[in-house]
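The values are calculated or read from the model by the stated rules, or taken from the named source; none is laboratory data. Quick caveat: nothing in here was measured; it's all calculated off a predicted structure. Note that we place each Cβ from the backbone using ideal geometry, even for glycine, and neighbour counts take in every protein chain shown. Quick note on the areas: whole protein, heavy atoms, side chains included, nothing else; ligands and nucleic acids left out. Shrake-Rupley method; radii C 1.70, N 1.55, O 1.52, S 1.80 Å.
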Amino acid sequence: MRFTSSMKLKLIYVFRINDTAHHGCLKIGEATCEDENVFGLSPNSKALNEAAKKRINQYTQTAGIAYDLLYTELTVYNRGGLRSFNDKKVHNVLERSGIKKKVFDTVNKANEWFITDLETVKCAIAAVKEGRSSLSSAEVTQEYSPIVFRPEQQEAINKTKKQFRKGNQMLWNAKMRFGKTLSALEVVKDMEFQRTLILTHRPVVDTGWFEDFGKIFYDRKDFAYGSKNNGESYDSLERRAESRGLHYVYFASMQDLRGSELVGGNFDKNNEVFATDWDLIIVDEAHRGEHDKVMDYINEDAHVLGLSASICRNGNKVKQLGEYYDCIVKGISTPELIEMNFLVGSRNFVYQAPVLEDLPVVAANGDYDPRALQMRFTRKERYAGVITNWKRIAFGTKTIVFTTGSDHCVDLTRAFCEHGIKAKYLLSSRKPETDAQFSGKREDILRDFHNGLFSVLVNVGILDTGYDEPSIQTVVLDLATKSYTHYSQMVGRGSRPYPGKSYFNVLDFGDNVKKHGKYEREDPPMGLWHDKTKGGVMPTKLCPLGKDGKKLGCGRLVPQTAQKCPYCGYVFPKLDKIYEIELTELIDTAEDQESLEVWCAKKVLEDGWSIPRVLATVCIKNAPHEKATFMRVIKVLRTKEGKKVSPYYWDYFSKNILKNKARKRKLVSEQNELGL
């Protein structure tokens, strides 16, 4: 008896339309095959092609559209049993791989068209069958070629690789247009880190990191990218890392991580991110203090590369960056970038600001209280002044406006529209009563702004970082900030070069230019001392703050070589004295007086043992766990110069000291047994 099934088989088809509008685009759709004998047929078989053409003809022949059918394949496959997929899964793989959609039918939102080629689509179908959610950069057909890094970029890359061979922390103080993402990913590639975590302030920059990943790893199938929106999922990446040795880069936003229960949030999520032993953590916008809380829950022995256009942190409750990074590389300055045509200069117009002297300041970040600030700026007469001066100076230019709060943002947008100027706003939260008229989905607003459908985009601090629209010609600051970092980020939105753009306008209604200076000025020192002879930044240390009412220093960063704080006069103890104090505190405060750390401290402090002797003794006693013991105890040991013992010292120590020590002990033991 012949077995028959009432279930109709489905197939995937790919076709193109040979006209100018559809150039470079393919449509991936799904059809049903009436012929039950197609099971097991290879791709592009006659029966499959006929079924696909029957479906395509239903919506093309009525419009007289000529097309080319390029590929057909059954959606049934065998992977541990019969399975099937649909066209939506192929679409999802393409989208997560960074392949752009093309919408031709704006009324019905027909979205099965993609800007891609047939080989990439075939790879996406294969990825669906293999259970992958995206393609590797090497599987996506792209016209990438090796990036030639500029001298200052290559210098930062080389210094970082050198630093990571002896230590774990590096900070790049590099301005916009330096190429921080590409250069940081090149470090990942050169050093072959297997697990890399990218931490950023906002999820919106995920797409930028993903695109730059493709430019660096376009020829590497052994590297993959993942996030909640692009590339592979975390579970897929980790599974392939464990089973096949895959190297991967995973993107996570601070906004998402801060909501995790593990760090005091309200949601049970991201536990796998905190549990992973990362080889490298790239901290974007490293100057932001909210990174610190999350970093405390990620493995301490990971290499950390901080990226920031500013090395200044505001607020008396925020630790300075010098406490987190051992080495700092300074990129080229804004004036140099302008001279090299990577940025354009500004024209500044300063108008009267409201009274700011009596505004309260938030201790955590050192900036004005946002509610009090909004009350000073949300006045109709001020809106009229903003619009009048914009018309006089910048009428017709593409403009981004920064405001103090959501009410201010909506009211100013409405005021622009009432004066006949097309304007929209973007907020992090929804306002149903005004969104339909003045806002919309983020991607739609940014696309329309890019295409010039309106000229003024108003926001509240969500487009100051991670947003790149080179055609912006005017920046309006209808707010005030005490933060140089925030100021430079906002103004920097207008600094990108664009055809026909030789400068950009800054309309300042909050005394920001007066307080911080013009955008293209040299950066203020910000507490770090530049070594002009080497073009880098000298190491720094923290002048200690007092605890429990005990008066010490002022908490500012000072040069590592300073013996006395230039601000408060605090006299730093010598390195050997510091080391002695640390060991004494360890012995006095340790709950377990029999621990390895206390034993090592006593041998150094009380018996005068050298570091190699201490390490050799504890490693031999704790065989066969010598390396784990070594890594544990070096956390409390210092060299004669007062420096931490590097984990990389293990290679030399184990080959040249530990083996000799063990060999001598064995010889002495044998001699004792023989009575010699």
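Here are the numbers:
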read-out: Relative packing of 615-625, 280-290, which averages over residues the other C-beta atoms within 10 Å, highest first; value: 280-290, 615-625
read-out: Of K166/K293; K482/K514; K27/K53; K102/K424; K10/K88; K53/K100, pairs whose Cα-Cα distance is over 18 Å; value: K166/K293; K102/K424; K53/K100
read-out: The range 373-460: C-alpha gyration tensor shape, a/c 1.5 cut-off, then a/b vs b/c; value: oblate
read-out: Net +/- balance of residues flanking A126 in space, Cβ distance below 9 Å, scoring K and R +1, D and E -1; value: +1
read-out: Cα centroid separation - the range 239-295 against the range 7-49, whole Å; value: 41 Å
read-out: Peptide ranges 364-375, 405-416 listed from the most packed, as the mean C-beta count within 10 angstrom indicates; value: 405-416, 364-375
read-out: Modelled FRET efficiency - R0 56 Å, E34 with E211, Cβ distances, 0.05 increments; value: 0.85
read-out: Potential extension, S654-Q563 segment - 0.36 nm per residue separation minus Cα distance; value: 29.2 nm
read-out: Counting DSSP beta bridges with both ends in the chain, the antiparallel % (nearest 5); value: 35 percent
read-out: Partner aspartates and glutamates for K644 [C-alpha distance under 16 Å; skip if fewer than 8 residues away on the same chain]; value: E300, D301, E323, D326, D576, E580, E582, E597
read-out: Computed over the chain: relative contact order in percent, which uses C-alpha pairs under 8 Å that are six or more apart; value: 9 percent
read-out: Those aspartates and glutamates that a straight Cα-Cα span of less than 17 Å connects to K330, excepting residues fewer than 8 apart in one chain; value: E152, E155, D284, E285, E520, E522, D523, D531
read-out: FRET efficiency, E300 to L118 (Cβ-Cβ, R0 56 Å, nearest 0.05); value: 0.70
read-out: Rg/Rg_ref, the chain, where Rg_ref = 2.2 N^0.38 Å and atoms are Cα; value: 1.17
read-out: Pairwise label distance in nanometres, K100 with S610, each label 7 Å out on the Cα-Cβ vector; value: 6.4 nm
read-out: Selection from N512, L135, F210, by position along the positive dipole direction of the chain (Cβ); value: N512
read-out: Peptides 481-488, 202-209, 378-385 ordered by average Cβ neighbours within 10 Å, highest first; value: 481-488, 202-209, 378-385
read-out: Solvent exposure of the range 614-656 as accessible area per residue, Å², 1.4 Å probe; value: 60 Å²
read-out: Viscosity 0.890 mPa s, temperature 25 °C, Stokes-Einstein D of the range 216-267 from Kirkwood C-alpha radius, µm²/s; value: 200 µm²/s
read-out: The chain - mean residue ellipticity at 222 nm from DSSP helices (-39,500 (n - 2.57) per run, n ≥ 4, rounded to 500); value: -10000 deg cm²/dmol
read-out: Ratio of Rg to Rh over the range 409-525 (Cα coordinates, Kirkwood Rh, two decimals); value: 0.97
read-out: With every protein chain in place, the chain: carbon and sulfur % of accessible area (1.4 Å); value: 50 percent
read-out: Computed E for L82/K46 - FRET, C-beta separation, R0 30 angstrom, nearest 0.05; value: 0.80
read-out: 5 angstrom amide H check on V476, placed H, neighbours 5+ away; value: I400, V401, F402, L507
read-out: Long-range amide H partners of E73 with built H, under 5 Å; value: I12, N44
read-out: Full-extension gain in nm, K621 to M340, via 0.36 nm per residue minus C-alpha separation; value: 95.1 nm
read-out: Under-5 Å amide H pairs with I328, H placed in peptide plane, nonlocal only; value: L171, V537
read-out: Two-site label geometry, M631 and L552: point separation in nm, points 7 Å out along Cα→Cβ; value: 2.9 nm
